[in-house]
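Structure, as structure tokens:
The values are calculated or read from the model by the stated rules, or taken from the named source; none is laboratory data. These numbers were taken from a predicted model, which means no experiment stands behind them. Glycine gets a Cβ as well: all are built from the backbone with ideal geometry, and neighbour counts include every protein chain shown. Only protein heavy atoms, including side chains, enter the accessible area calculation; ligands, DNA and RNA are left aside. Shrake-Rupley method; radii C 1.70, N 1.55, O 1.52, S 1.80 Å.
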Amino acid sequence: MSFVHPNDGFPMTRGPAVGWARLPGPLPVDHAWVDDASWRALCEQWHAQDGRLITLWGSDERPAGLGFVVHAVFTYADAWHWISLATPGDRPRFSALSDLFPEAARLERALFDLLGISCDARDKRPWLRHEAWGPADFPLRRDFTQAAPVPKEADPYPFVRVQGAGVHEIAVGPVHAGTIEPGHFRFSVVGDEILRLEERLGYTHKGIAKRLEGMGLTDAGRLVGRVCADSTAAYAGAYALAVEAVSACAVPPRGVWLRALLWERERIANHLGDLGALCQDGGLAFGHTQFGLLKERYLQTQARLFGHRYLMDTIVPGGVACDIDSAAISDMERECTALLEATRRLRHIIDDHAGLQERFLGAGRLDRTRARALGAVGLAARASGIHSDLRLLWPSPPYDSLKARICLQEQGDVAARVAVRFDEIEESARLIRVILAEIPQGPVRAPCAPPKGTLGLGAVEGWRGPIVVAITRTPECARHHVHIHDPSWQNWPLLEHAVLLDLVPDFPLINKSFNLAYSGHDQ
Amino acid sequence: MHKLLRQIVKTGMLRSRPCPRRDRARDIHTSPPSLAEELGRALAVRHVDTGSCNGCELEIQALGNAIYNLAAIGVRLVASPRHADILLVTGPVARAMAAPLRATYDAVPAPKRVVALGDCACGCGVYSPNYATVGKVDDVIPVDVAIPGCPPPPETIREAFATLICR
């Protein structure tokens with residue numbers, strides 16, 4: 001397999017009958033080079049047949065003579081499909097996906113901000129670009145070095161205005177009242193009722209993809225683990241899987257199982273924190289205190305057993321950088337029992353609490369049809385009745401033998417997202433117990449050889465949803481590009497729909513029930 | 001309701017942590033003398049995230065739990081910079097956040113202090129300056145107290161605040 005098609009040096013096949021090549025790695029990922037016509041034809045076919053867009057990005061492959069390349073990954077039928085489209089280096093352009101997959105709209109805008117690859121989408125406003133660089137600078141181009149900041153006044157961002165009698169705007173952020181990350185929310189309201197919410201993100205853009213271009217693939221895990229700290233294990237895991245795919249590295253079974261243990265622990269830790277915060281925003285300080293204690297003790301166990309409260313730097317290309325002994329196993333078994341007992345008791349209290357339920361039930365409702373149309377993934381999708389969980393749909397080891405169960409709710413409101421979190425704590429604790437009982441013996445890490453392959457994709461079902469890392473390499477000129485995708489790209493637009501006709505004071509609660517990533521999204 | 005009360009009783013009172021002694025706060029770099037004379041023994045803190053990965057935010061939130069109980073030593077997180085004595089800044093200052101950071105700093109009434117929390121804010125993290133980030137907080141607004149760590153554990157942050165008050 002080569003990054004450049006062997007026949008003609010310029011990868012083109014006519015029509016949707018493209019040549020698929022299976023990539024190494026635990027996921028069934030097929031890659032193909034496509035031309036403009038088959039790009040569009042495949043997207044239309046997948047859209048019509050319930051395919052899902054996972055991510056869309058671009059890379060500058062001019063040094064390899066390929067111009068700018070647009071990549072998209074879909075899940076369709078029983079495989080992942082990664083298509084790459086080479087566009088001319090002097091006039092990069094491609095056929096937009098957002099008319100079929102609305103979740104592509106912001107990805108298309110980001111693609112232009114970073115690489116100057118344009119498409120025929122309607123919304124031409126910048127997305128990641130604020131005043132940090134100008135409209136003619138494209139940071140992910142290989143020849144980009146530095147750009148001067150542009151004064152905000154010189155480059156205003158046009159929000160969509162809602163007009164009519166009694167409509168006014170509330171602008172919130174980027175600095176918020178609570179201890180959360182920066183982003184801007186523009187509400188158009190009548191009285192307390194939300195007529196429209198428009199999000200403006202990108203404030204925490206740190207040029208991570210550009211940084212990764214200059215780092216060795218096996219050394220960059222520390223940075224990838226610090227894109228979004230609450231999902232550090234999932235990020236580091238997806239990155240490690242992608243690096244292992246281009247390095248033909250086989251992780252020892254014990255390392256594979258330990259990774260799943262870390263991912264499930266991360267899921268539980270975040271769900272505990274979110275349940276506490278949801279109680280707080282719903283007006284039950286008792287719940288905040290109780291879940292705060294549970295989470296803190298959980299984090300302290302992680303610091304003791306794995307060396308970091310949030311599990312940073314525990315998953316590395318080739319395996320894991322930690323191991324557990326029999327004392328740790330019995331420690332975690334006891335912890336599982338105590339945790340389940342406590343969360344079940346708290347769930348009873350919360351379910352019986354009329355005041356809290358009054359806030360939860362019906363707030364921020366997103367029905368299944370709309371969630372599906374918007375491309376919802378992960379926890380938010382499952383709370384709206386959509387089967388979306390990599391651990392079940394594409395189970396890679398050890399999930400193929402763990403047989404995770406999906407946690408679904410139908411009603412799509414805050415109460416449903418609370419219920420999915422409670423159910424997933426139960427399920428993750430069950431999986432952890434199976435892992436602790438059946439974890440194979442042996443080494444936890446294999447040496448990762450210098451990468452030789454050209455394409456690698458890794459994906460992990462993080463607590464928010466699937467985190468995907470894709471690596472493209474051109475060995476001839478020693479270039480690589482790392483694309484990291486957070487499920488918040490799909491799920492941030494859900495929030496804009498979920499809050500419609502809800503009250504402004506309910507927004508913090510609804511927002512917290514999604515708890516989407518800013519840094520993971522902005523990168 | 002009885003279940004709720006029973007759970008409160010079952011949780012019981014947690015042992016309170018004393019104000020740490022000055023010599024224990026080794027890793028914390030402070031330039032000014034104690035704030036106690038200027039600001040009194042209760043501090044109102046406004047947090048600004050200028051591009052953090054949210055690790056420092058998780059630990060600031062953890063400071064509010066019953067184990068660290070920051071409020072017990074007189075430190076309170078407030079919703080507006082106009083209510084604050086201290087600006088607590090996290091992250092490597094993304095360029096898009098430099099202007100909001102300056103505006104927030106200007107909105108804090110004097111006397112005020114700035115605490116840079118975490119390796120990124122202190123300029124020793126994974127995010128060196130590039131086209132999208134400025135670098136450390138001190139390059140944008142003057143920093144009085146630097147608390148390194150990735151992220152700094154809650155004990156360290158609590159000790160830093162306690163040092164500011166108790167010295």
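To keep it simple, each residue is scored yes or no on (1) surrounded by fewer than 20 Cβ atoms within 10 Å (Cβ to Cβ); (2) under 17 Å from B:A146 (Cβ atoms).
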residue: B:D49; (1), (2): no, yes
residue: B:C53; (1), (2): no, no
residue: B:E57; (1), (2): no, no
residue: B:Q61; (1), (2): no, no
residue: B:Y68; (1), (2): no, no
residue: B:V78; (1), (2): yes, no
residue: B:A84; (1), (2): no, no
residue: B:L87; (1), (2): no, yes
residue: B:P92; (1), (2): no, yes
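Quick grid of which residues meet (1) facing another protein chain (nearest Cβ under 9 Å); (2) over 28 Å from A:P149 (Cβ atoms); (3) without any contact (Cβ under 8 Å) to a residue 40 or more places away in the chain; (4) in a helix (DSSP H, G or I):
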{"site": "B:R41", "(1), (2), (3), (4)": "no, yes, no, no"}
{"site": "B:V48", "(1), (2), (3), (4)": "yes, no, no, no"}
{"site": "B:L58", "(1), (2), (3), (4)": "yes, yes, no, yes"}
{"site": "B:A66", "(1), (2), (3), (4)": "yes, yes, no, no"}
{"site": "B:R82", "(1), (2), (3), (4)": "no, no, yes, yes"}
{"site": "B:L87", "(1), (2), (3), (4)": "no, no, no, no"}
{"site": "B:V126", "(1), (2), (3), (4)": "yes, no, yes, no"}
{"site": "B:G135", "(1), (2), (3), (4)": "no, no, no, no"}
{"site": "B:I141", "(1), (2), (3), (4)": "no, no, no, no"}
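Table: residues versus (1) within 12 Å of chain A (Cβ to nearest Cβ); (2) open to solvent by less than 20 Å² (accessible area, probe 1.4 Å); (3) in contact with a Ser or Thr (Cβ under 9 Å, 6 or more places away or on another chain); (4) not small (G, A, S).
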| residue | (1), (2), (3), (4) |
| --- | --- |
| B:A110 | no, no, no, no |
| B:C120 | yes, no, yes, yes |
| B:P129 | yes, no, no, yes |
| B:I147 | no, yes, yes, yes |
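Quick one: in the range A:440-485, which of the residues that are of a type in the set (G, A, S) and touching a Cys at 6+ places or on another chain (Cβ under 9 Å) is nearest to A:V377 (Cα to Cα)? Ranking the candidates gives A:G462 first. Residues that are surrounded by fewer than 24 Cβ atoms within 10 Å (Cβ to Cβ) and more than 23 Å from A:G442 (Cβ to Cβ) are absent from the range A:313-325.
Selection of first residues in the range A:339-360 that are within 23 Å of A:E296 (Cα to Cα) and away from chain B (no Cβ under 14 Å) and of second residues that are buried (at least 19 other Cβ atoms within 10 Å of the Cβ) and among the small types (G, A, S), restricted to Cβ pairs under 6 Å at least 6 apart or on distinct chains, gives the following pairs, ordered by first then second residue: A:L340/A:A429. A search for C-beta distances below 8 Å between a residue of the range A:289-301 that is closer than 15 Å to B:P153 by Cβ and at the interface with chain B (Cβ under 7 Å from one of its Cβ atoms) and any residue that is open to solvent by less than 10 Å² (accessible area, probe 1.4 Å) and basic (K, R), counting only pairs 6+ apart in sequence or on different chains, returns nothing. Selection within the range A:393-417: residues that are in a helix (DSSP H, G or I) and closer than 21 Å to A:C336 by Cβ. The member of this set that is most open to solvent (accessible area, probe 1.4 Å) is A:S401. Quick test for you: out of A:F291, A:F286, pick the one residue that is touching a Cys at 6+ places or on another chain (Cβ under 9 Å), more than 21 Å from A:L379 (Cβ to Cβ) and either assigned by TED's automatic domain parsing to the domain that holds A:D400 or aromatic (F, W, Y) (or both). Criteria check complete, one pass: A:F286. Look at (1) open to solvent by less than 10 Å² (accessible area, probe 1.4 Å); (2) closer than 18 Å to A:H483 by Cβ and you find that A:R52 fails only one, number (1).
Against the test of being touching a residue at least 60 places away in the same chain (Cβ under 8 Å) and open to solvent by less than 40 Å² (accessible area, probe 1.4 Å), the options A:G173, A:G134, A:G116, A:G183 yield a single qualifying residue, A:G183. Restricting attention to the range A:289-303 and to residues that are in contact with a Leu (Cβ under 8 Å, 6 or more places away or on another chain) and closer than 12 Å to A:E335 by Cα, the residue that is surrounded by the fewest Cβ atoms within 10 Å (Cβ to Cβ) turns out to be A:Y298.
Condition (residue is open to solvent by 20 Å² or more (accessible area, probe 1.4 Å), assigned to a helix (DSSP H, G or I), farther than 25 Å from B:N69 by Cβ and aromatic (F, W, Y)) applied to the range A:234-256: is it met by at least one residue? No - not one qualifying residue is present in the range A:234-256. Scanning the range A:432-480 for residues that are out of contact with any Pro (no Cβ under 8 Å at 6 or more places or on another chain), surrounded by fewer than 21 Cβ atoms within 10 Å (Cβ to Cβ) and closer than 16 Å to A:G221 by Cβ yields a total of 3. Per the conditions (1) modelled with pLDDT under 95; (2) within 14 Å of chain B (Cβ to nearest Cβ); (3) more than 29 Å from B:P152 (Cα to Cα), the sole criterion not satisfied by A:S247 is (2).
In the range A:506-518, the residue that is farthest from A:L223 (Cα to Cα) out of those that are within 14 Å of another protein chain (Cβ to nearest Cβ) and more than 11 Å from the chain's Cα centre (by Cα) is A:P508. Of all residues in the range A:393-408, those that are closer than 20 Å to A:G237 by Cα have Cβ atoms under 9 Å from Cβ atoms of residues that are among the hydroxyl-bearing types (S, T, Y), 6 or more apart or on another chain, in A:L393/A:T75; A:W394/A:T75; A:P395/A:S401; A:A404/A:S428. Kindly check whether there is at least one residue in the range A:210-222 that is within 10 Å of chain B (Cβ to nearest Cβ), in contact (Cβ under 8 Å) with a residue 24 or more places away in the chain and assigned to a loop (DSSP other than H, G, I, E, B). The answer is yes, given that some residue of the range A:210-222 is within 10 Å of chain B (Cβ to nearest Cβ), in contact (Cβ under 8 Å) with a residue 24 or more places away in the chain and assigned to a loop (DSSP other than H, G, I, E, B). Restricting the first member to the range A:505-523 and to residues that are among the hydroxyl-bearing types (S, T, Y), and the second to residues that are in a helix (DSSP H, G or I), the beta-carbon pairs closer than 6 Å and six or more apart or on different chains are A:S513/A:V414; A:S513/A:R417.
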